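A short worksheet on the structure shown next.
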Amino acid sequence: MTPRWILPTVLTLAMSVSAHAATVQITMENLAITPAEASAKVGDTIEWINKDVFAHTATAQNGDWDVTIPPKKSVTLVLKKVGPINYYCRFHPNMKATLTVAP
Ligand SMILES: [Cu+2]
């Protein structure tokens with residue numbers, strides 16, 4: 001017979017993991033990234049929302065990720081690494097932002 005404590009323990013662990021994950025929305029509009037400085041945690045999802053009529057990229061300077069966001073679309077990425085990441089748009093190098101990822 002399964003001990004009674006197993007199921008509640010598993011449920012509590014699953015809930016505590018999902019409770020920590022959040023989605024951080026970052027907007028790209030009029031050739032600007034807002035907010036330019038965002039912070040998140042490992043496991044969080046970043047959602048870049050492109051409101052412009054042309055494509056942008058979120059390209060990490062350290063090469064960790066390179067995401068293309070088509071016009072009027074949004075793209076998500078789950079953060080896996082700790083650290084400050086500077087990123088920019090390959091098509092419009094003046095579009096720059098920083099993402100700080102905490103453990
Ligand atoms: Cu761009």
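The values are calculated or read from the model by the stated rules, or taken from the named source; none is laboratory data. Just so it is clear, the model here is predicted, and its values are computed rather than measured. Reconstructed Cβ throughout: ideal geometry from the backbone, glycine too, with neighbour counts over all protein chains shown. Side chains included, ligands, DNA and RNA excluded: accessible areas come from the protein's heavy atoms. Shrake-Rupley method; radii C 1.70, N 1.55, O 1.52, S 1.80 Å.
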note = Given 61-70, 47-56, the highest-first ranking by average Cβ count within 10 Å works out to 47-56, 61-70
Residues of segment 19-103: accessible area per residue with a 1.4 Å probe, Å² = 56 Å²
task = With label points built 7 Å along Cα→Cβ from the Cα atoms of V78 and N94, find their separation and express it in nm.
result = 3.7 nm
ask   = Under 18 Å from the Cα of K41, which lysines turn up, not counting those fewer than eight places away in the same chain?
value = K80, K81
task = Can you send over the carbon and sulfur percentage of the accessible area for segment 31-82, probe radius 1.4 Å, protein chains only?
result = 54 percent
inquiry  = Using a Cα-Cα cut-off of under 20 Å, which lysines could be cross-linked to K73, ignoring same-chain neighbours fewer than 8 residues away?
reply    = K51, K96
